[in-house]
Every structure is written in structure tokens, then in C-alpha cells.
Amino acid sequence: MEDIGKVELRALKSSDYQGLKDSMIAAYPNWPGAFWGEQHIETLLRIFPKGQIAIFVDDELAGCALSLIVTYEHFGDSHTYQEITGNYTFNTHTPKGDVLYGIDLFIKPEYRGLRLGRRLYDARKSLCEDLNLKAIIFGGRIPKYHEYAKDLSPKEYIQKVKFKEIYDPTLTFQLSNDFHVKKVLVNYLPGDKESKDYAVLLQWDNIYYEKGARKLLDKSIVRLGLVQWQMRLYKDIDDLFEQVEFFVDATSAYKSDFALFPEFFNAPLMAAHNNLSEAAAIRKLAEHTDEIRDRFIQLAISYNVNIITGSMPSMRGDKLFNEGFVCRRNGTYDSYEKIHVTPDEAKFWGLTGGKKVEVFETDCGPIGVLICYDSEFPELSRILAAQGMKILFVPFLTDTQNGYGRVRYCCRARAIENECYVAIAGSVGNLPKVSNMDIQFAQSAVFTPSDFSFPTNGIKAEATPNTEMILVADVDLDLLKELHNFGSVRNLKDRRTDIYDVIKR
């Protein structure tokens, strides 16, 4: 597949019907006529518009999730598809029900492998939580069962799929998305020859469900994945990105919302130019920056994780900057740049300081990024905090423990004074064949404000020093709201702006 530009998840509309029909026909090639009529979609959109979710790739409908709310005790675990849908009239839907029932979910074959199905399942889970429903339940197909039906009962087949002895494209995926098997359904969906008319009743339980509460407050947990990168030699950019994709895959597997890479993580590629001066070598490295950005955008889309790309050299005209990118999982991106250049960077590389200081909107709220040395200047993070930043990401590169200590302790201060979370990620190891990049020291970490709702030492999580690894940590944005209004001290509210202020020019 060619590179894709954007991914959009939104409510289904009547005008999307032809795209939905085309996608269903492609998704069920061995099941003639397996698509919903336009009148069915119109009914679903009229009775339960929030429950019909579509996903688009470059403005083309790539998949869809359709659902109802039912009072589950009226049907029990031995129902058929025809019964649960009211003979396809959907008159079984009731806003007063207790279960979100999935009546269809499909992805067009050409867009499989981009984890779009997981996004649809995650959207269903969020809807279930928002509506304070007990669970998501549906009858899942087992489309490879016909290949094993002579030798295995449906129960035996399901067990082998659960233990990964057999791969079933539908059931394997559903089990990996935290659904559990309740029972085998017989004659659930007549006409499904691949499943031999069997189905698996699957359920996902809403742990946030509160009996008697019609709606639960939105969750505010954001999961951060920090990459503590090992410097090693790579023969080319493909070799480098094999390691990059490994880490993106790993953070995605833990369902991280963000993956953070370090400053100048791509420096090993300068080894091929070590015969040049330091200034010339880093300018050769800058030739890869556009390609690296584009590759990160594709990884963010396909692995469903927002990526903070660390930083890399970037040429604009005859000036060299230190630049990085916020690559969102919907295919959009923004850039940030290092404002303060260290004496060493100016002397050996001729780096120029940038001018952009801005907050970036994401699907997890507003974030900021400061590159390494910039974290040691409190004015920058204060400007970002004034713009609503909740999480500050700091990709860094430090050679000695002294340098690392400056970044670490300044970032802890930034978390306290700006009432935000600060995530830092650096590189470890040695690069003997790259001048001016000999050694690295790092201990990646997530820092918090210092108050009763947070760890007593202000450290949410930290990596093992000088060891290649990922660090995964959850941060709760609602705790920041509570701190802002009810904290023991209120650093943002108690500023004496009648005496001093920070102004962005």
C-alpha cells in the first residue's frame, strides 16, 4: 500500500452509505449480499447515531462499527442475530438498556494491517464507558472454522485459537482486544458458510460501570511510552527504522497514547560521514530529516500512537536547526525546534536557535515539547503552561551525569511550578565512530507535581540508568485540575502577575 495521509474516526453519516456498502462487499467476499441496505443504516442513524462509527483513510471509508443498546436479560446468552436485531428492524434498541450490542464491525481488506479495527473497538469501549453501560457483547464470526470443521468441534477450535495453535483473523483479533468468550452460539447467523453457522458470544466488561448512574464522567488517563534508545551503528536508514519500528510496535502493544524518542536518536547515521568535519557531517545527516518525518507519520497511523520524534538536524536555507515533530495518529503533524543552543552545539555544528514556542493539540489534550537544554529555561515552559499544556515532553541527549542532572532536576522543577507532567527520554551507549557524539548517559523518567495526589517524591516512573528499554506510565489529567483548584499550594494561581509576568514576543 502507498503511504497514507490521514486517518479520521467519526460518526457515520447518511451520505457515507455508498462507501459503507462498497467496504462491506469487499470485507465479505465469500458471502454474497452481505451488506446492509440503505434503509437499515438510516434506521440506525435515527435511533442511535452515537453508536454508528466510521473510520476513513484519506477521506475514503475504510471500516465501520454498528451497534445498539439492549436490555440484555430480555435475550440471554442463547439468542440469535435475528432475535437481537428484532428481525433486522432494530426495534430491540432502547436507551434504557444496559449493554452495548455490536451488530457489525468490518475493515475493507486493503486497509487491514493498520490497526483500524482496534481504533473502532476502542471507540466502542469509550462509548460504553461514557453511557455507563455494563458491557459490550456481540456474536463473533469464526471464518476459518470451515477449514477445521471435519476434525474439530467449535469448542475445540475456539480453544486452539485461544492458545494460538490456530490463527482465526476475526476471533484472534477479538481476543487480543480484551474480549472473553462466553459460549458457542448455534445457528446464530444463517448463511455464514465460513463459520458453518456458528458464532462465538464475546463480552468486554466496563470496569467503570456504576449501577444507577446514567453517565460516567470521562476518563482522563493518558499512557506514555518513553524510548530509552541505545546508540549503535546502523548501515543505513532502513536499518535504523527497523529498530524505530520495533519500539513503536512495543509502545503500541501496551496501548500507549504517546511514544517519545530522544534528541538526535539518528546520530549513528553520521558514521558514514566521519571523514568530514563535524559541521559537514551533521549537515549530511540533515538530508534524511524529511524522509524520517514521513516514516514516523506512517508509523503513527499504522500503530495508532502519537509519536514525539525526538529531534534531528534540519536545514532551512543556509542555517542548521534542531527540529522534531509531533506525528499524530490521525496523520497530521506539527514541528517544534530547539530555542537555546548549547555552546558545544554552536562551536562544533554551527546550530542556530529556533523561535517557535507553541502548544500542540492532540486527542489526549494539549501538550508541549522542549528539546533538552530548553528545559533549563523556566520561561519557555511557563509560556506553554499559560496556553493550557498538561504534558511536557523533553527529548534530550546528555553525555555526562552532570549534564543529565541539569536536565533531570530542571524538569522536576518544571512539573511543580507549572502543575503538569513532564516526560523525559534520552539515549544511552557509545558511538566511537561519530565525532562529537562519543558517549551518552540517560535515565528516562516521568515527573509529577508534588502534592498529596501524586507520588511523594514527584517521580511517577523512571527507567534503569544506561539500559536500552521502554518505560510505560499512566498519568491522570484530572489530578491536575484538582491540584490547580484545591492543591496545598497553587503555583499557577498564586503568581504575582501584578509584579512580574512572562511575555512571548
Could you say which residue among 159, 82 is closer than 14 Å to residue 200 by Cα and part of a helix (DSSP H, G or I)?
159
Take residues that are buried (at least 20 other Cβ atoms within 10 Å of the Cβ) and tell me which of the strands (runs of 3 or more DSSP E) falling wholly in segment 396-505 contain 2 or more.
421-425, 427-430, 445-447, 469-476
Of all residues in segment 68-79 being under 36 Å from the mean Cα position of the chain (by Cα) and part of a helix (DSSP H, G or I), the one that is nearest to residue 46 (Cα to Cα):
72
Candidates 75, 90 - the one that is on the phi > 0 side of the Ramachandran plot and either in contact (Cβ under 8 Å) with a residue 40 or more places away in the chain or surrounded by fewer than 18 Cβ atoms within 10 Å (Cβ to Cβ) (or both)
90
State whether the residues of segment 378-399 include one that is under 22 Å from residue 430 (Cβ atoms), at pLDDT below 95 and not basic (Lys, Arg).
yes
The condition from (1) of a type outside the set (Lys, Arg); (2) within 30 Å of residue 306 (Cα to Cα); (3) surrounded by fewer than 14 Cβ atoms within 10 Å (Cβ to Cβ) that residue 12 misses is numbered (3)
Scope segment 255-272; condition within 22 Å of the chain's Cα centre (by Cα) and modelled with pLDDT under 95; matching residues
255
Filter result (outside any helix (DSSP H, G or I) and within 16 Å of residue 121 (Cα to Cα)) within segment 43-60
52, 53, 54, 55, 56
With the structure loaded, tell me whether residue 363 is under 26 Å from residue 242 (Cα atoms), of a type outside the set (S, T, N, Q), outside the structural domain of residue 119 (by TED's automatic domain parsing) and surrounded by fewer than 16 Cβ atoms within 10 Å (Cβ to Cβ) or whether it fails that test.
no
Which pairs turn up if I take residues in segment 202-218 that are of a type outside the set (Phe, Trp, Tyr) and look for partners that are surrounded by 10 or more Cβ atoms within 10 Å (Cβ to Cβ) and modelled with pLDDT under 60 with beta carbon separation below 8 Å, at least 6 apart in sequence or on another chain?
210/216
If a residue has to be of a type outside the set (Val, Ile, Thr) and part of a strand (DSSP E or B) to count, how many in segment 85-111 make the cut?
6
Looking for something over 19 Å from the mean Cα position of the chain (by Cα) and buried (at least 21 other Cβ atoms within 10 Å of the Cβ) - is there at least one such residue anywhere in segment 224-242?
yes
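Here's the yes/no breakdown for (1) outside the structural domain of residue 285 (by TED's automatic domain parsing); (2) within 24 Å of residue 248 (Cα to Cα); (3) surrounded by fewer than 20 Cβ atoms within 10 Å (Cβ to Cβ):
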| position | (1), (2), (3) |
| --- | --- |
| 310 | no, yes, no |
| 314 | no, yes, no |
| 318 | no, no, yes |
| 326 | no, yes, no |
| 333 | no, yes, yes |
| 338 | no, yes, no |
| 344 | no, no, yes |
| 350 | no, no, yes |
Scanning segment 178-192 for residues that are free of Cβ contacts under 8 Å to residues at least 60 places away in the same chain, outside any strand (DSSP E or B) and surrounded by 15 or more Cβ atoms within 10 Å (Cβ to Cβ) gives 179
List, please: which pairs have Cβ atoms under 6 Å, are six or more places apart or on different chains, and start with a residue in segment 307-326 that is closer than 11 Å to residue 265 by Cα and end with one that is charged (D, E, K, R)?
310/263; 311/263
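The values are calculated or read from the model by the stated rules, or taken from the named source; none is laboratory data. Note that the coordinates shown come from a computational prediction; the quantities given were computed from them, not determined experimentally. Virtual Cβ from ideal backbone geometry, glycine too; neighbours counted across all protein chains shown.
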